[in-house]
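Report on one structure; see the data block that follows.
The values are calculated or read from the model by the stated rules, or taken from the named source; none is laboratory data. Everything numeric in this text was worked out from a predicted model, so none of it was measured. Glycine also receives a Cβ, built like all others from the backbone with ideal geometry; neighbour counts cover every protein chain displayed. Quick note on the areas: whole protein, heavy atoms, side chains included, nothing else; ligands and nucleic acids left out. Shrake-Rupley method; radii C 1.70, N 1.55, O 1.52, S 1.80 Å.
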Amino acid sequence: LTHSLTHSLTHSLTHSPVAVIYYILYIFDDPVLRIGSSLTASCVLSPDFDLPATSLYWTLNGVRLPGSSYSVVSSDVLSVTLHSLSGSRQQSGDNLMCHGADGQILAGSCLYVGMPPEKPVNLTCWSRNAKDLSCKWSPGGQGETHIRTKYTLKYKLRWYEREEECGNYRTGKQRYSCYIPRNPALFTPYEIWVEAANQLGSATSDITTLDILDVVTTDAPANVQVSRVGDLEDQLTVRWASPPELKDILFQAKYQIRYRLEDSTEWKVVDDIGNQTSCRLAGLQPGTVYFVQVRCRPVGIYGSRKPGIWSEWSHPTAASTPSSERLQSGSCDPKPGDQNSTLRRELKQFFGWVRKHAYGCSGMSIKLYDQWRVWLQKSHKTGNQSLSPKITQAKWQAELRHRLCIYVTL
């Protein structure tokens, strides 16, 4: 019984590689081919076995290959030719098997069909609280090489020759990423790149140069709370706590809010919050549940001129506005245009009402204005309904004035 494998493989599309497989086969290695290549494999029977070559057949990944791809070379040799090979279905290789008439596997080999890797792209890195470094990238080209391809993230300080390799690679959906857990060097630029290699070739990404202080991100803001503004039907107040890491390193933060209706997937973003840790959302729809999230972006880390990277959004927090028939659109703060005009009109109406009905009251506060808004909305509702015979407009105004005077001194 002969135990050997002879094969001649090339990556040419015009010359068919030849693999000679003896029964029974002892495989020293498996062929690695480019997509589009052709392969001819031969199953050679030992003279000691009384088996005609015409009784044999071939399978690829368990599927019987058509007889038109066979060639009976001699009474003891059956070859098969595969043209324009497609990429391997699995990285462990495609199984090419020679079978006897009874289905018994006489010999076989694993075919690795793929492409050399292309230059990795979109290399992006970030540092959580300036205490570690994470990087992710995308494979170049179509991304799929169909055979095992190793990606290696390497880095070094710009003015030092010694390079290091990241050792904590992610798996699954985050497989093109790596995590460096130890404290990175500050105030010294890093040079970072990714190398990709498989049995058909290798490629290296462009070098990314970065300063850790320019790619800092934080945890999402904590303890996000959303509450009503008294009985105001179109407003909610959002409050949150700064990430605790802000106390450890010298930088400020900018915040961003987004909110959506309960039955909607479209978020509205509020950008102009600055460094404050609270915000009033105005112009919301009354009687509606809103989901609110907050995120943070560090600014001026140890004097860096570049802002950091936005954190993840906080977990959604829900709250509802009081019920009303009024419907408006929302924003965090009054903006130029219609909303400023509306605000000026309301303030003018408010102070006019105070002069007419709130005489005798002393002192002013924002609570007075908020309370006026509430009763103004109630007045709007009452105006759309017939007043009870026992409640005259004069009595309603007197009651409103009495309640407002109570809030003036608060």
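To the nearest 10, the accessible area of S71 is 60 Å² with a 1.4 Å probe.
What's the FRET efficiency of H83 with C110 using the Cβ-Cβ distance as r and R₀ = 30 Å, to the nearest 0.05?
Details: r = 19 Å, r/R0 = 0.64.
Approximately 0.95, to the nearest 0.05.
Given R0 = 51 Å, the distance between the Cβ atoms of V121 and V73 translates into a calculated FRET efficiency of 0.60. A 1.4 Å probe, protein heavy atoms only, puts the accessible area of W310 near 70 Å².
The orientation-averaged projected area of the convex hull spanned by the Cα atoms of segment 121-214 comes to 6.4 nm².
Given a 1.4 Å probe and the protein chains as shown, D94 ends up with an accessible area of around 10 Å². The 1.4 Å probe gives accessible areas that order V226, V292, V121, largest first, as V121, V226, V292. Among C110, C43, the sequence by solvent-accessible area, most first, with a 1.4 Å probe is C110, C43.
For the set E164, E233, E312, E118, solvent exposure ranked by accessible area (probe 1.4 Å, protein chains only) runs largest to smallest as E312, E118, E164, E233.
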